[in-house]
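The values are calculated or read from the model by the stated rules, or taken from the named source; none is laboratory data. All of these numbers come straight from a predicted model, not from anything done at the bench. Reconstructed Cβ throughout: ideal geometry from the backbone, glycine too, with neighbour counts over all protein chains shown.
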Amino acid sequence: MIEHFVFQTTGENGLKVDESDLNIAFVIVAVLLLIRISYVIVKHKIVSANKKQHTKIKVQETTESFVCAECGKKVSEKVRDYCLERPNKFAGQVYCYDHQKTN
């Protein structure tokens with residue numbers, strides 16, 4: 001099929017390709033491949049950095065919300081939830097068991 005098309009187009013029986021054209025095509029393909037690989041690597045680094053930053057923020061929020069607002073003593077999640085479920089009594093603050101009695 002290709003030979004027939006080449007014969008109709010060029011009038012020659014054989015398919016001739018200039019070597020310099022092949023070299024140029026090879027260089028273009030190599031450059032495009034390098035650009036694609038670079039893009040994937042950069043995107044992966046950006047996604048990884050965002051995940052690390054998000055994890056740090058989440059850990060900080062969790063750690064800060066599990067300490068008593070009065071003395072800084074660590075409290076359980078259950079104690080934290082108890083305080084936050086009663087905003088009228090604790091004003092949105094988290095208190096350890098001892099300081100819940102004084103507030």
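Structure values in brief
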read-out: Failed condition for residue 95, given (1) modelled with pLDDT of 90 or more; (2) assigned to a helix (DSSP H, G or I); value: (2)
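Here's the yes/no breakdown for (1) surrounded by 10 or more Cβ atoms within 10 Å (Cβ to Cβ); (2) at pLDDT 90 or above:
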| position | (1), (2) |
| --- | --- |
| 8 | no, no |
| 13 | no, no |
| 16 | no, no |
| 24 | yes, yes |
| 49 | yes, no |
| 60 | yes, no |
